Amino acid sequence: MYLSRLAVTDFRSWPSAELTLERGVTVLVGPNGVGKTNLVEAAGYLATFSSHRVATDAPLVRRGADAAIVRGTAVRDGRELSVEVQITPGKANRARVNRSPVPRAREALGIVRTVLFAPEDLALVRGDPGERRRFLDELLVSRWPRYAGVRADYERVVRQRSALLKTARTRGAGSRGGVDARFSELGTLDVWDGHLAHHGAELLAGRLRLVAELARPLAGAYAELAPESAPAAIDYRASVPDVAATDDQEVLEDALAAALAAARRQEIERGVCLVGPHRDDLELRLGEGPAKGYASHGESWSFALALRLASFDLLRADVSGGVHGGSTDPILVLDDVFAELDTRRRRALAGRASGAEQVLVTAAVPDDVPDTLRGAWFEVTPGELRQRG
């Protein structure tokens, strides 16, 4: 699969912009701050309906505009399919497929699939667990778009349940009856426990399956990037003990329900939801020890890059195996990363990228891009795109 057209209106710094694209490599070159990353961010947004740079959609809308629009035309097996997403802060996204509105924006997920590597990915190794959970969930949605609904349902339940626990804690503060006196106010908590266990088990089962399938390509990609380093490995660390050994949804639902019952008193006392996939983490290891806090700068970069390359391998295998139909790769997006890599890592990444059906690259200076990735070039200046011969 590849994008033959990418267009934006009032997206980030661009009042409007349009790129006509081909298979192979497209390089966007220009000084920092002229909007190169904004364009590849738009391509990534079509795939996940989220940004790799910010947690909310508001910064994506150009200052002074009410909404932003991102449009793309994907070509798969010779057939074109267009997708358009309207981003309005504070409101649900609206989407069109082949110019026809779809009832829910997430029904347009899966038309465009990307794997995007950017400097922000260093947070996958050095950042908080939320960064790694987001990585897993976005890859889940890319592989199986139905998980967008699962994730949304689970997050809604966590918000509702957390609000209930917070209210109970506030009302019970200073009461002589303590926690027990608040149980009468928590008559709906059992219902929310059931919802959390159900949706949480579905999300957890998907994550566990994903981590199991990601482990081998991750180890291979890391060994290629950092052959002198200790081997890389990943494990899923759940807030519920002893669940990582199975992805059976019924077993996981029972385990979550039991853990919620055991933690109820503590949750009410603290006013927070302590159990569920939103408390989990993806554990990254080098040899026998954790990568976070111990990996060198080069090892951290290699681990983050290996996670993305392993993701690309999984998505490529899904497509060729018929999960989504067709026989084409996801789009590989490399946002200003070559400047951060040494010569050997540049060469290894370029070698991997050169085999992808479509690669989008941004760079501040032409010399940052390895010769093996020379394709169509666009010079980016403020508000302007100019293709170079």
Any chance you could give the angle, 0 to 90 degrees and rounded to 10, that helix 343-353 forms with the longest Cα principal axis of the chain? 90
Sorted by chain and then number, the residues having a modelled amide H within less than 5 Å of the amide H of LEU116, at least 5 places away or on another chain, are VAL333
Given Cβ charges of +1 for Lys and Arg and -1 for Asp and Glu, the option among LEU204, ILE268, THR246 whose Cα lies farthest towards the positive end of the dipole of the chain is ILE268
Just to be sure I understand: with springs between alpha-carbon atoms less than 10 Å apart, which residue in ALA215, ALA226, ALA261 has the highest mean-square fluctuation in the Gaussian network model of the chain? ALA261
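Considering only DSSP states other than H, G, I, E and B, which GluC sites (Glu not before Pro) in segment 219-281 qualify as loop sites with at most 16 other Cβ atoms within 10 Å?
Working: sites: GLU224, GLU228, GLU250, GLU253, GLU267, GLU269; in loops: GLU228.
Here the sparse-neighbourhood loop sites are GLU228.
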5 Å is the cut-off here: which amide hydrogens, built 1.01 Å from N in the peptide plane, fall below it relative to VAL61, excluding neighbours closer than 5 in sequence? ARG12
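Might you report the magnitude of the Cβ-based charge dipole of the chain about its Cα centre, with Lys and Arg at +1 and Asp and Glu at -1, to the nearest 20 debye? Intermediate values should be presented prior to the final figure.
On the way: 52 positive and 53 negative charges, 206 e Å.
Once rounded to the nearest 20, the dipole reads 1000 debye.
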In whole Hz, what ³J(HN,Hα) sequence does segment 40-50 give by Karplus (6.51, -1.76, 1.60; θ = phi - 60°), x for Gly and Pro? 6, 4, 5, 4, x, 5, 4, 8, 10, 6, 8
On the protein heavy atoms, probe 1.4 angstrom, tell me the percent of accessible surface of segment 231-365 carried by carbon and sulfur. 47
Where TRP192, TRP14 fall by accessible area, highest first, once all protein chains stay in place (1.4 Å): TRP192, TRP14
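Divide by every residue of the chain the summed helix terms, -39500 (n - 2.57) for each DSSP H run of at least 4, and state the resulting mean residue ellipticity at 222 nm, rounded to the nearest 500 deg cm²/dmol. If you can, show how the numbers build up before the last one.
Numbers: 9 runs with 157 residues, N = 389.
Rounded to the nearest 500, it is -13500 deg cm²/dmol.
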Test of understanding: in a Gaussian network model of the chain with alpha carbons linked when under 10 Å, which of THR88, THR372, THR48 would top the mean-square fluctuation ranking? THR372
From the phi of every residue in segment 67-84, what ³J(HN,Hα) in whole Hz does the Karplus formula 6.51 cos²θ - 1.76 cosθ + 1.60 yield, where θ is phi - 60° and glycine or proline is x? 7, 10, 10, 10, 10, x, 10, 9, 10, 9, 6, x, 9, 9, 9, 9, 9, 9
Helix 189-225 sits off the longest principal axis of the Cα atoms of the chain, rounded to the nearest 10 on a 0 to 90 degree scale, by 40
Could you provide, to the nearest whole Å², the per residue accessible area of segment 238-380 with probe 1.4 Å? 42
Report, by chain and number, residues whose modeled amide H sits under 5 Å from the one on VAL272, excluding near sequence neighbours (fewer than 5 apart, same chain). none
Which whole-Hz ³J(HN,Hα) couplings does segment 159-165 yield from phi under the Karplus relation 6.51 cos²θ - 1.76 cosθ + 1.60, θ = phi - 60°, glycine and proline marked x? 4, 5, 5, 5, 5, 5, 5
Under a GNM of the chain (C-alpha, springs under 10 Å), which listed residue has the highest mean-square fluctuation: ALA55, ALA348, ALA295? ALA55
How many Å² of accessible area per residue for segment 1-157, probe 1.4 Å? 42
Heavy-atom accessible area of segment 1-149 with neighbours in place, 1.4 angstrom probe: carbon+sulfur share in percent works out to 46
State, to one decimal in nm, how far the label point of GLN387 lies from the label point of LEU274, with both points 7 Å from Cα in the Cβ direction. 6.0
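If you take the square roots of the eigenvalues of the alpha-carbon gyration tensor of the chain and sort them as a ≥ b ≥ c, do you get rounded (a/c under 1.5), prolate (a/b over b/c) or oblate? Before the final figure, lay out each step's value.
Values: a/c = 2.00, a/b = 1.53, b/c = 1.31.
Verdict is prolate for the chain.
Looking at the chain, what % of its DSSP beta bridges pair antiparallel, to the nearest 5? Write out the running numbers ahead of the final one.
Details: 42 of 60 bridges.
Of all bridge pairs located within the chain, approximately 70 percent are antiparallel.
Does segment 1-107 come out rounded, prolate or oblate by the C-alpha gyration tensor, with a ≥ b ≥ c the root eigenvalues, rounded set by a/c under 1.5 and, if not, prolate when a/b is larger than b/c and oblate if not?
On the way: a/c = 1.90, a/b = 1.05, b/c = 1.81.
Note, shape of segment 1-107 comes out oblate.
The values are calculated or read from the model by the stated rules, or taken from the named source; none is laboratory data. All values derive from a computational prediction rather than experimental measurement. Cβ atoms come from the backbone with ideal geometry, glycine included; neighbour counts cover every protein chain shown. Side chains included, ligands, DNA and RNA excluded: accessible areas come from the protein's heavy atoms. Shrake-Rupley method; radii C 1.70, N 1.55, O 1.52, S 1.80 Å.
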